[in-house]
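Below is one structure, written out as structure tokens; the observations come after it.
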Amino acid sequence: MSPVPLAADRLCIHQVTLMQCDFAQSIACLARHGVGKTAVWRDKLAETGVAEAVRILNDHGVAVVSLCAGGLLTAPGPAQWQQALDDNCRWIEQAAAIGATSLVTITGGLDGGDGDAEAARQRALAGLARLVPEARAAGVRLALEPLHPMVFGARSVISTLKEANAMLDLLNADDVMGLAVDSYALWWDSELEDQIDRAASRIINFHVSDWLRETRDIRLDRGMPGDGLIDNRRIRQRLESAGFDGPVEVEIFSELDWWKRDPDEVVQTIVTRAAACL
Ligand code: ZN
């Protein structure tokens with residue numbers, strides 16, 4: 001398969017990649033560099049409010065691929081679990097209001113402080129089943145995102161695309177449920193390519209960053225594409241072979257490096273790297 005550089009209009013940069021900016025600053029910075037797609041982060045949306053966020057997005061001609069991140073449905077207490085459902089219903093409405101195609105959804109970790117992972121998975125599954133009609137009514141898809149096993153306890157009780165595919169089989173709602181494939185979370189998995197083929201049209205979102213060989217923080221030291229070990233272009237080509245033609249979304253949590261830099265430098269670097277290695 002010959003490597004084909006990513007078309008510029010398929011580049012999306014997550015708002016969280018510009019953590020040093022507020023909502024308006026991040027969108028203005030993307031627009032300055034000709035990046036027309038973003039994924040909005042809930043914290044920044046909460047600071048700005050939906051109406052003002054929509055105005056800023058429209059003024060700059062930036063489209064919203066998704067709202068990040070919902071789910072977190074593993075609370076063991078019934079009141080907390082119900083609260084999580086209510087929160088997700090609100091986030092689904094917000095996603096629809098800002099024009100997002102999907103709400104990226106993570107299961108949540110072992111919040112109860114016990115180690116019963118199967119019980120936590122069952123609570124997440126039950127919560128997702130409850131959200132299916134809400135998402136369907138709002139016209140927003142839920143993109144289930146497996147995360148790296150090192151954040152199993154804190155963030156996600158599913159770690160592989162195989163487990164996510166199995167959860168979607170149980171939910172049997174592929175018109176509204178789908179998947180977010182994050183290369184940082186999944187690149188190590190020997191079954192990744194087979195599971196991409198199996199997921200096929202379920203794949204809604206494709207998140208990329210890089211794995212730094214000597215990472216200093218599993219969650220907050222993600223690398224710039226090209227600086228680490230992940231062959232993001234190869235994963236993209238596998239996704240495309242399976243039918244995916246959506247945006248490639250750069251999502252870099254980098255407390256130690258990129259969040260400290262000038263946002264224009266960050267976006268310019270991503271634009272250059274996208275042409276070279278996405
Ligand atoms: Zn992600």
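Each value in this text was obtained by applying a stated rule to the coordinates, not by laboratory testing. Quick caveat, the model's predicted, so the values are computed rather than measured. A quick note on method: Cβ atoms are made from the backbone with ideal geometry, for glycine too, and the neighbour counts reach across all protein chains shown.
A few comments on the model shown:
- 37 °C / 0.692 mPa s Stokes-Einstein diffusion coefficient of the chain, Kirkwood radius on C-alpha pairs, µm²/s: 175
- Rule-of-thumb Rg ratio for segment 115-181 [Cα; 2.2 N^0.38 Å; N residues]: 1.09
- Using all pairs of distinct alpha-carbon atoms, the Kirkwood hydrodynamic radius of segment 51-131 works out to 13.7 angstrom.
- Based on Cα contacts under 8 Å between residues 6+ apart, segment 127-240 shows a relative contact order of 23 percent.
- Over the chain, Cα pairs under 8 Å with separation of 6+ residues give a relative contact order of 20 percent.
- Cα point-scatterer Debye curve for segment 149-207, base-10 log of I(q)/I(0) at q = 0.20, 0.22, 0.29 Å⁻¹: -0.74, -0.89, -1.38
- Max mean-square fluctuation residue, GNM over the chain, Cα-Cα springs under 10 Å, options Leu212, Leu220, Leu170: Leu170
- Every Cα-Cα pair of segment 188-275 was included, and the share exceeding 19 Å stands at 43 percent.
- Shape analysis of segment 72-186 places it in the oblate category; the axes a ≥ b ≥ c from the Cα gyration tensor give an a/c of at least 1.5, with a/b not above b/c.
- For segment 1-55, the relative contact order works out to 41 percent when only alpha carbon pairs closer than 8 Å and six or more residues apart are counted.
- Across segment 110-257, counting alpha-carbon atoms alone, Rg and Dmax equal 15.5, 45 Å.
- Over the C-alpha atoms of segment 177-228, the Rg to Rh ratio, Rh being the Kirkwood estimate, stands at 1.02.
- Distance between modelled label sites at Glu52 and Val132, nm, 7 Å Cα→Cβ extension: 3.9
- Quarter of the Cα convex hull surface for segment 26-74, i.e. its orientation-mean projected area (nm²): 3.6
- Candidate aspartates and glutamates for bridging to Lys260, where Cα separation is under 20 Å - those fewer than 8 sequence places away on the same chain excluded: Asp22, Asp43, Asp210, Glu214, Asp217, Asp221, Asp227, Glu251
- Solution diffusion estimate, µm²/s, Stokes-Einstein, segment 1-118, Kirkwood Rh from C-alpha pairs, 20 °C, viscosity 1.002 mPa s: 136
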